[in-house]
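All remarks here apply to the structure that follows.
Read-outs throughout are calculated quantities, based only on the coordinates presented, and are distinct from any laboratory measurement. This is a predicted model, so every value here is computed, not measured. A quick note on method: Cβ atoms are made from the backbone with ideal geometry, for glycine too, and the neighbour counts reach across all protein chains shown.
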Amino acid sequence: MKRAEKLLKAIACALVASSLMMCSKPTLKVDKPLSVVSETSPVKTDTVKIPVVTSPTAGADITMPDTSLSVRVTNAATTSITVKPNQWYVDGSTLPAGAVIYIQAGTRGALLLKNIQGTVQQPVIVVNQGGQVTFSTSATASYAFKTQNCKYFKVLGNGEPTIKYGFVMDGGNISVSMDDFSSDFEISNIEVKNSGFAGIMAKTDPSCDPATWRGAFTMTNVVIHHNYIHNTGGEGIYIGNSFYEDGMATACGTVKPHDIKNLKVYKNTIISSGCEGIQVGSAISGCYVYYNTVLSPGRSPFASGQNNGIQIGEGTGGKCYNNLVKDAPGNGIIVLGLGDNTIFNNYIINAGEHGIFADSRYTPGPYFRFINNTIIEPKKDGIKLNSESIPMNYAINNVIIKPGSGLAIHRMSNDVKLTQSNNYVNNDVNAVKFVDYAGGNYHLDASSPLIKAGLNTYSYGVTVDYYGVRRLATSVFGIGATEYP
């Protein structure tokens, strides 16, 4: 009887914790190849050419567009292993820093990488070899590709110069899961599709293990770029925990999720995600979400309010800029951040609710700044501000065309502090004078009323436009995301 009571209590605790997760998850399994080889291939030392996609370097102007291309560099003697199609996991405990893990071309099952430890100067490289690699598994399997306890590594699908996405992750509840204390990694040039839930997920949820709690573990230096993610059951890219302030209920009480520092999410294309295209939470410093394209997100949300384009969630600061968000059934961009958030140069088109929605849930910072965004035909407000507790909201140089509610900028109440200036509002998109709006060319014609009609927002960090054209500290700015010419 006592055993039964204990069992019932354990089940009840698990159900409470489960109810607070962002999505309910079905019973999962790992699809293993019929022939399972648990050990790695023999290690060899040779001279290899490692394909690398260079991300913006420290100290560079982060607001400038990334123009890096895939380049090939030659390392000296480098340890390498080759993972064959019938291997389902690699334990990297004995691999040295700087090692290269080649994944052979072809179709294979899921892959788990454990205990890989590179260094800042010598990350471990995981790369496709001989062609495209497809990780194929069912949408009910736990994952297609997963890391556990890995640090200082890169997953790069640019092993063959003629193949844009050398890794294809097809299926898995979470197609790509960077879990269990994984940190300091880069993911690029992969295609992700048909996931049961998230396309790419990066976080370690808190549990009764104190090592998972805030202060004990911090995920740092995460770079996710140049990936193609489509037809996911949940979020396209899901980074960090969403319950920053309240924490999560576990069998040992409520515990707080870990922080994330130094996060860059850029030049990804996300199409037809079930929930948000990009969702970031708990990224307390150094967070940049930029140059991403999010089309038709929120196709099958698990709950109301999960059908937005980009979510800058609780505990997240930094900048969100130069993104294209189109046809989101919910809000184009939703901001619930720390209060040091600057949202600028974004094109938000045909949002089903508000173009931008902001709410102050845990916002110890001084401001939300919405600058030089172009918002076209949202079904409700252009910018909806529920952010009553933040010291100041700024709405400057925004273009808002034909808001369905008739309200370009809507304050929830008089408690919302707002500084607004030089915003352009019209009910006709043709009045903007885009070069070819229907064709997706958002450059301005010489006759556009937006040209040189804005406030200089250089001091707010707006130093380029949507297309990467520099905005100078001494120039007269245009309104909206694009400068002329």
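Odds and ends about this structure:
For every residue, the table says whether it meets (1) of a type outside the set (Gly, Ala, Ser); (2) assigned to a loop (DSSP other than H, G, I, E, B); (3) under 14 Å from Phe167 (Cα atoms); (4) touching a residue at least 24 places away in the same chain (Cβ under 8 Å).
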residue: Ser80; (1), (2), (3), (4): no, no, no, yes
residue: Ala97; (1), (2), (3), (4): no, yes, no, yes
residue: Ile101; (1), (2), (3), (4): yes, no, yes, yes
residue: Thr107; (1), (2), (3), (4): yes, no, yes, yes
residue: Leu113; (1), (2), (3), (4): yes, no, no, yes
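- Hits in region 433-475 - residues which are in contact with a strand residue (DSSP E or B) (Cβ under 7 Å, 6 or more places away or on another chain) and at positive phi: Lys433, Gly461
- Residue within region 412-422 that is touching a strand residue (DSSP E or B) at 6+ places or on another chain (Cβ under 8 Å), in a strand (DSSP E or B) and surrounded by 18 or more Cβ atoms within 10 Å (Cβ to Cβ) present: no
- Only one of Thr474, Thr482 that is hydroxyl-bearing (Ser, Thr, Tyr), surrounded by 12 or more Cβ atoms within 10 Å (Cβ to Cβ) and not in a helix (DSSP H, G or I): Thr482
- Residue in region 376-388 that is free of Cβ contacts under 8 Å to residues at least 40 places away in the same chain, farther than 27 Å from Ser285 by Cα, part of a strand (DSSP E or B) and in contact with a strand residue (DSSP E or B) (Cβ under 6 Å, 6 or more places away or on another chain) present: no
- Residues being crowded, with 24+ Cβ neighbours inside 10 Å and free of Cβ contacts under 8 Å to residues at least 40 places away in the same chain - total across region 275-289: 2
- Leading residue by the ranking (nearest to Met169 (Cα to Cα)) among those in region 208-243 that are among the charged types (D, E, K, R) and not in a strand (DSSP E or B): Glu235
- Index of the failed condition, Gly305 passing every other in (1) within 19 Å of Tyr362 (Cβ to Cβ); (2) part of a strand (DSSP E or B): (2)
- Of all residues assigned to region 320-329, at least one qualifies as being surrounded by fewer than 22 Cβ atoms within 10 Å (Cβ to Cβ) and assigned to a strand (DSSP E or B).
- Tally of residues being free of Cβ contacts under 8 Å to residues at least 40 places away in the same chain and either crowded, with 19+ Cβ neighbours inside 10 Å or closer than 9 Å to Pro449 by Cβ (or both) across region 423-433: 3
The rows are residues; the columns are (1) more than 19 Å from the chain's Cα centre (by Cα); (2) farther than 12 Å from Ser182 by Cβ.
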| site | (1), (2) |
| --- | --- |
| Val127 | yes, yes |
| Gln132 | yes, yes |
| Thr137 | yes, yes |
| Ala144 | no, yes |
| Asn149 | yes, no |
| Gly157 | no, yes |
| Glu160 | yes, yes |
| Lys164 | yes, yes |
| Val168 | no, yes |
